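Data block below; observations after.
The values are calculated or read from the model by the stated rules, or taken from the named source; none is laboratory data. What you see is a predicted model, and the numbers here were worked out from it, not measured in a lab. No Cβ is skipped: glycine too gets one built from the backbone with ideal geometry, and neighbour counts run over all protein chains shown.
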Amino acid sequence: MEPIYNFSAGPAVLPKEVLQQARDEMLDWHGSGMSVMEMSHRGKEFMSIAEKTERDLRELANIPSNYKILFLQGGASSQFSMVPLNLLHGKTKADYINTGQWSTKAIEEASHYCSVNTVASSADKNFTYIPPQDQWHLDPEAAYVHYTSNETIGGVEFHWVPQLDSSGDIPLVVDMSSDILSRPLDITRFGLIYAGAQKNLGPAGLVLVIVREDLLGTPLPGTPTLFDYQVHAKNDSMYNTPPTYALYITGLVFEWLKRKGGLVEMEKTNIAKANLLYELLDSTDFYRCPVAVADRSRMNVPFTLKNPALDNEFLKQAETCGLLQLKGHRSVGGMRASIYNAMPIEGVAKLVAFMKAFASQHA
Ligand SMILES: *Cc1c(COP(=O)(O)O)cnc(C)c1O
């Protein structure tokens with residue numbers, strides 16, 4: 001059978017080896033006689049899984065000991081409210097950078113709790129670029145600065161980390177849902193990082209939060225217990241039942257990343273994959289990528305066909321070749337190829353070959 005490549009934006013492709021291991025361990029995890037799905041989250045077997053998962057992540061991303069790692073439920077969207085609820089610290093304002101649909105949602109939610117200052121926005125060009133930092137109007141009284149490192153729908157990505165006042169008094173907060181662990185990162189630049197698992201980490205149902213310890217403990221009065229980071233931090237993410245199976249699979253993904261050489265190697269492969277695709281897009285006028293060259297995402301590559309009447313034919317033929325889920329987001333149209341960590345370079349090469357053949361066939 002021809003290999004299948006899944007370009008879904010999320011829930012997205014997982015490493016084949018991880019799925020095979022999960023299959024092999026499905027009915028009997030390490031001789032326990034149980035599936036991970038059936039284990040008490042407080043039993044010694046699952047505790048060992050959770051501890052190893054945290055340890056591996058700490059090692060992979062070089063996370064210092066003054067940062068807590070939380071494994072929560074509620075998706076990245078829950079963080080749109082948890083962040084202001086926990087990080088306003090008595091202040092009334094927060095700074096947000098608006099680079100697309102996910103930033104916009106974060107802004108809408110934060111507006112329920114504070115006055116949001118949109119310090120920069122790329123709405124003027126339909127969110128096809130990242131506003132350079134020298135054009136931002138940061139507020140010295142903001143409780144924190146929030147941005148989205150990769151806009152999964154628009155396909156724009158920060159290839160740099162915003163530079164805030166070095167005192168660290170105003171923490172930098174980032175939604176890294178769709179590019180976390182795709183490259184090395186300096187955790188100390190951030191107050192808080194969050195990421196829904198189903199793009200680049202594991203299955204849906206889990207959201208990862210990495211937060212500097214000193215930011216915890218003063219939520220807005222009335223914050224629900226489950227929305228208080230400190231409660232989860234004090235209970236090692238076991239205040240209530242964590243999404244155990246999603247956490248286990250994410251742990252297997254971390255082990256896979258370590259075997260692959262960690263984030264340095266991952267970045268090299270991700271650059272190579274993205275280059276393959278963008279080089280093709282730039283070499284023909286049959287296809288078009290709307291995103292400014294310097295801000296193009298390595299993870300989500302949106303593109304259109306010059307003749308949109310061919311869209312359906314493109315998708316149909318791609319599927320016949322084993323290239324799945326290339327349809328663009330309903331709000332954008334066209335195509336989108338998501339090429340997360342788990343997408344092998346062979347998948348991108350096959351997509352590029354297909355696109356070339358399709359273009360010459362319809363020239
Ligand atoms: C998918 C996504 C979200 C929303 O994630 P949910 O888990 O569905 O809440 C938020 N931000 C970004 C950047 C995303 O890609």
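Of note:
- Region 139-175 - residue that is in a loop (DSSP other than H, G, I, E, B) and of a type in the set (A, V, I, L, M) and, of those, nearest to residue 335 (Cα to Cα): 153
- Members of region 41-71 that are of a type in the set (S, T, N, Q) and either outside the structural domain of residue 234 (by TED's automatic domain parsing) or assigned to a helix (DSSP H, G or I) (or both): 48, 53
- Taking the numbered list (1) surrounded by fewer than 19 Cβ atoms within 10 Å (Cβ to Cβ); (2) under 18 Å from residue 211 (Cα atoms); (3) at pLDDT below 95 in turn, residue 184 passes all entries but (3).
- Matching residues in region 250-277 - criterion: being within 22 Å of residue 38 (Cβ to Cβ) and touching a Leu at 6+ places or on another chain (Cβ under 7 Å): 250, 253
- Every condition in (1) in contact with a Phe, Trp or Tyr (Cβ under 8 Å, 6 or more places away or on another chain); (2) in a helix (DSSP H, G or I) is met by residue 104 except one, and the failing one is (1).
- Within region 118-132, the set of residues being away from the ligand (no atom under 16 Å from the Cβ) and either surrounded by fewer than 17 Cβ atoms within 10 Å (Cβ to Cβ) or among the aliphatic types (A, V, I, L, M) (or both) comprises 118, 119, 120, 123, 124, 125, 126, 132.
- Residue that is farthest from the ligand (Cβ to nearest atom) [pool: residues in region 133-146 that are in contact with a helix residue (DSSP H, G or I) (Cβ under 7 Å, 6 or more places away or on another chain) and within 27 Å of residue 10 (Cβ to Cβ)]: 144
- Residue 250 vs. criteria within 16 Å of the ligand (Cβ to nearest atom), under 26 Å from residue 26 (Cα atoms), touching a residue at least 24 places away in the same chain (Cβ under 8 Å) and among the polar types (S, T, N, Q): yes
- Members of region 260-280 found to be surrounded by fewer than 19 Cβ atoms within 10 Å (Cβ to Cβ) and more than 21 Å from the chain's Cα centre (by Cα), listed by number: 276, 279
- Every residue from region 229-252 that is under 22 Å from the mean Cα position of the chain (by Cα) and not hydroxyl-bearing (Ser, Thr, Tyr): 232, 233, 242, 243, 246, 247, 249, 251, 252
- Residue check for residue 160: more than 14 Å from the ligand (Cβ to nearest atom), under 21 Å from residue 209 (Cα atoms), in the same structural domain as residue 184 (by TED's automatic domain parsing) and out of contact with any Gly (no Cβ under 9 Å at 6 or more places or on another chain): yes
- Looking only at region 92-103, residues that are within 19 Å of residue 135 (Cα to Cα) and either within 12 Å of the ligand (Cβ to nearest atom) or hydroxyl-bearing (Ser, Thr, Tyr) (or both) come to 4 in all.
- Cβ-Cβ distances below 6 Å connect the following pairs, each with a first residue in region 137-155 that is touching a residue at least 60 places away in the same chain (Cβ under 8 Å) and of a type in the set (Asp, Glu), a second residue that is within 16 Å of the ligand (Cβ to nearest atom) and outside any strand (DSSP E or B), and a separation of six or more residues or different chains: 151/99; 151/100; 151/102.
- Where helices (runs of 4 or more DSSP H) fall entirely within region 176-294, those with at least 1 residues that are within 27 Å of residue 163 (Cβ to Cβ) and in contact with a helix residue (DSSP H, G or I) (Cβ under 7 Å, 6 or more places away or on another chain) are at 229-234, 262-282.
- Test: residue in region 63-78 that is within 16 Å of the ligand (Cβ to nearest atom), in contact (Cβ under 8 Å) with a residue 60 or more places away in the chain and over 27 Å from residue 254 (Cβ atoms): no
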